[in-house]
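Here is the structure we will look at, set down as structure tokens.
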Amino acid sequence: MAILEKTPAPPPERDAPLKRLPRISVGRMTPLDTFRFAWRALRDNRMRSGLTMLGIIIGVAAVVAAVAVGQGATASITHSVGQLGNNLLYVVPANPRFGPGEPSGFTQTLKPADGDAILERCRATVARVSPIVNGSTLAKYGGKNWRSRLYGVTPAFFTVNNYTMALGRTFTPGDDATRARVVVLGKTVVDNLFGSKGANCVGLEVTLNRTRFTVVGVTEAKGTSPFGEDQDDMVLMPLSTALYRVLNQKHLTALSVECKSADTIELAQEQIVGLLRRRHRLSPPFPDNDDFMVLSQQQLLLIMQTVTGVLTILLASIAGISLTVGGIGIMNIMLVSVTERTREIGIRKALGATEGNIRSQFLIESALLSIAGGILGVLVGGGLSLIAAKISGWAISPNWLSVAVAVGVSASIGIFFGYWPARKAAKLHPIEALRRE
């Protein structure tokens, strides 16, 4: 009888290693445990977390970019005005009822004789006076057209405003006296009319408003002004030519007055104001009835800086509204999260988690959302600042104080708007929470 041999049983296989879970004691949770719970909740809902951060990202990016651009504009204005020196005065027409230059086209109070009178009567304080009249013109050469700004000026204009010549010459007193048909062009006009012939454009003729003018010079390039205006897009001609041959008017747009020194600028301003009041036969009360304004560079700089400051504050305020909306979005999403995780909260509280543990977890989640959104917003705002710097040509760099404030405010908004959902989650009764589906 054959004896059946028992087949030896195979050795027991080793159990597969279990995935190591974070060691978390639900009853006594450390701050690190709470952070892990919060991070895992956000990680499991990546799409929702990203969309929730979007409002914070936009708000912080707008704050960083607005402050950087505002400071860049202010610095550029200060530099541009400083390049003209600190001894210039600007006389502009003003409507006593509306202010300087308002309403445009109706305020015509300055005449060339006013500039002559200032130069003659204020010799002790004034070195040069440059009358200016401006308009627009369509320049033509060959088959090319270019619409540009037209300025009627005297030879003093080039000295007072620090213009140098790249080609040719400036105007002479004889050009102004004879109403000569000559022009000096900016580089932008030369490039668009003559192209490759620009280096040899002196002596060529261009047509302005159906009248031929000879090009006698080209100014050195100055680039873009602080307000984004191309300073090389201009056609200059003698003042009398512009007034009587082209624009057909008798009034000036402005007077640029160069004082003999910075020390005499206040005295010169007083003398010019008194002289123009007598010439224009103005009566008190002053300055309410003045039909002109005399501005120093410092006053002009202050006005420009005030304008840029107001615009910066306005943009930052709009960004603050965006931050607030982003905070409300965080609160809304956290309330939804509390509703979705009611049973989870009930289980944790039944196992011993305290109200403080639950509240801390939801506060950390909202804070992480806002801080991460703030950091991403800083990066986006920095990128926008670099783009604005490249487009405008300004020296723009993020202000680190505004960066720190923006991130701090975003974190505070996250905690502030996340407190109510966290409190609601912490106050849930474990039995009632477990009953919910």
query: What share of Cα pairs, in percent, lie more than 26 angstrom apart in segment 179-303?
result: 45
- prompt: Taking a threshold of 23 Å on the Cα-Cα distance, which of the pairs LYS144/LYS250; LYS140/LYS187; LYS111/LYS187 fall above it?
  reply: LYS144/LYS250; LYS111/LYS187
statement: Share of accessible surface on carbon and sulfur in segment 164-213, whole %, 1.4 Å probe and ligands ignored, is 48
message: Tell me which trypsin sites (Lys or Arg not before Pro) from segment 229-329 have a DSSP coil assignment and no more than 13 other beta carbons within 10 Å of their own.
response: LYS250, ARG281
1.4 Å probe accessible area per residue over segment 312-437, in Å²: 52
task: Report in % the part of the accessible area of segment 297-359 that belongs to carbon and sulfur, leaving out ligands and nucleic acids; probe 1.4 Å.
output: 73
query: Rounded, prolate or oblate: which fits segment 97-254, taking a ≥ b ≥ c as square roots of the Cα gyration tensor eigenvalues, rounded meaning a/c under 1.5, else prolate when a/b beats b/c?
result: prolate
- request: Would you work out the charge dipole size for segment 238-381 about its Cα centre, treating the Cβ of every Lys and Arg as +1 and the Cβ of every Asp and Glu as -1, and quote it to the nearest 20 debye?
  value: 300
Coil-residue GluC sites (Glu not before Pro) of segment 199-243, DSSP, other Cβ within 10 Å capped at 13: GLU220, GLU229
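The values are calculated or read from the model by the stated rules, or taken from the named source; none is laboratory data. Computed from a predicted structure; not experimentally measured. Using ideal geometry, Cβ is built from the backbone for each residue, glycine included, and neighbour counts are taken over all protein chains shown. The area values use the complete protein model at the heavy-atom level, side chains included, leaving out ligands, DNA and RNA. Shrake-Rupley method; radii C 1.70, N 1.55, O 1.52, S 1.80 Å.
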